[in-house]
1. Would you point out which residue out of 178, 161, 171, 156 is of a type outside the set (Lys, Arg) and open to solvent by 30 Å² or more (accessible area, probe 1.4 Å)?
2. Could you check, for segment 45-65, whether at least one of its residues is under 23 Å from residue 180 (Cα atoms) and basic (Lys, Arg)?
3. Determine whether segment 137-153 contains at least one residue that is assigned to a helix (DSSP H, G or I) and open to solvent by less than 20 Å² (accessible area, probe 1.4 Å).
4. Can you say whether residue 44 is open to solvent by 70 Å² or more (accessible area, probe 1.4 Å), in a loop (DSSP other than H, G, I, E, B) and within 19 Å of residue 75 (Cα to Cα), as far as the supplied structure shows?
5. Quick one: what pairs do we get from segment 118-136, first residue open to solvent by less than 20 Å² (accessible area, probe 1.4 Å), second of a type in the set (Lys, Arg) and not in a helix (DSSP H, G or I), C-beta under 8 Å, 6+ apart or different chains?
6. I'd like the full set of residues that are open to solvent by less than 50 Å² (accessible area, probe 1.4 Å) and either over 18 Å from residue 43 (Cα atoms) or in contact (Cβ under 8 Å) with a residue 12 or more places away in the chain (or both), limited to segment 181-197.
7. Within segment 56-89, restricting attention to residues that are over 25 Å from residue 36 (Cβ atoms) and not aliphatic (A, V, I, L, M), which residue is least open to solvent (accessible area, probe 1.4 Å)?
8. Against the conditions (1) within 26 Å of residue 65 (Cα to Cα); (2) in a loop (DSSP other than H, G, I, E, B); (3) at pLDDT 90 or above, where does residue 164 fall short? Just the number, please.
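The values are calculated or read from the model by the stated rules, or taken from the named source; none is laboratory data. Since the model is a prediction, treat every value here as computed from it, not as a measurement. Cβ coordinates were reconstructed from backbone atoms using ideal geometry, including for glycine residues, and neighbour counts include every protein chain displayed. The area values use the complete protein model at the heavy-atom level, side chains included, leaving out ligands, DNA and RNA. Shrake-Rupley method; radii C 1.70, N 1.55, O 1.52, S 1.80 Å.
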Amino acid sequence: MGRSKSAPADQAVRELAERLTLLRQLSGLTYSRMAHASAEMGLPVSTCTLFRADKGRSLPAWTTVKAYVGTCGGSIPMARKLWDKAARAKMQVHNIAAPAPARVAPALPYISEPLQLLQAMQELRLSAGQPSLRVLEARAAVPGGGGSFLPRSTLGGVLNGTRDCTRELLGHFINACGVDREADVREWMKAWDRVDSHRGKGSAAHTYVAAS
């Protein structure tokens, strides 16, 4: 029989899980102590989430991996390489084009153009574990029912570059991707303001092509 299409992705996830497990064992920390340490680092992750992260059944969000490795004293750059490998392998299984822009989005304080903001949003989604549009829509559900602040059709258009991103939508998007620190939210909003100003000067069209 031929090799399963998902085999490389599964192997990459297991490789990451094994590295995490080894780090935890070497550190001698319990999941509970790791959860407490992650909160002190400013990257709070629950005990249950840390427990699931090293089981190899699914790819944990990058923020979870970063907190896990950081609390155990491991190499975050090395963990990032393993996580990126697994994330891209999983996207290939589902025939999802991994965001591979010609240039990496600049840091938030230096974003001033629509394409740069789009790249940053794509990278944020990837770092959050590449949640589906359905998941993001559910995370931004209107309290009490009545729809979502992130309708799939609208968000899909924004992320593929065929629709402008409003300031309100960006706020809900970054929150759905796990950005909740006030300082981080402010940086994203400032980036949007600069992009909006850039558009207002007529130096860029309101609709732009997605990075490919």
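1. Values: 161 fails: open to solvent by 30 Å² or more (accessible area, probe 1.4 Å); 171 fails: open to solvent by 30 Å² or more (accessible area, probe 1.4 Å); 156 fails: open to solvent by 30 Å² or more (accessible area, probe 1.4 Å).
From the options 178, 161, 171, 156, the qualifying one is 178.
2. yes
3. Looking only at segment 137-153, we keep the residues that are assigned to a helix (DSSP H, G or I), and these are 137-139, 152-153.
Cutting the leftovers down to open to solvent by less than 20 Å² (accessible area, probe 1.4 Å) gives us none.
Looking for residues that are assigned to a helix (DSSP H, G or I) and open to solvent by less than 20 Å² (accessible area, probe 1.4 Å), one finds none in segment 137-153, hence no.
4. Values: open to solvent by 70 Å² or more (accessible area, probe 1.4 Å): yes; in a loop (DSSP other than H, G, I, E, B): yes; within 19 Å of residue 75 (Cα to Cα): yes.
Answer is yes for this residue.
5. Cβ pairs passing all conditions: 119/103.
6. Matches in segment 181-197: 185, 188, 189, 191, 192, 195.
7. Only one residue tops the list, namely 84.
8. Going through the list (1) within 26 Å of residue 65 (Cα to Cα); (2) in a loop (DSSP other than H, G, I, E, B); (3) at pLDDT 90 or above, residue 164 breaks only (1).
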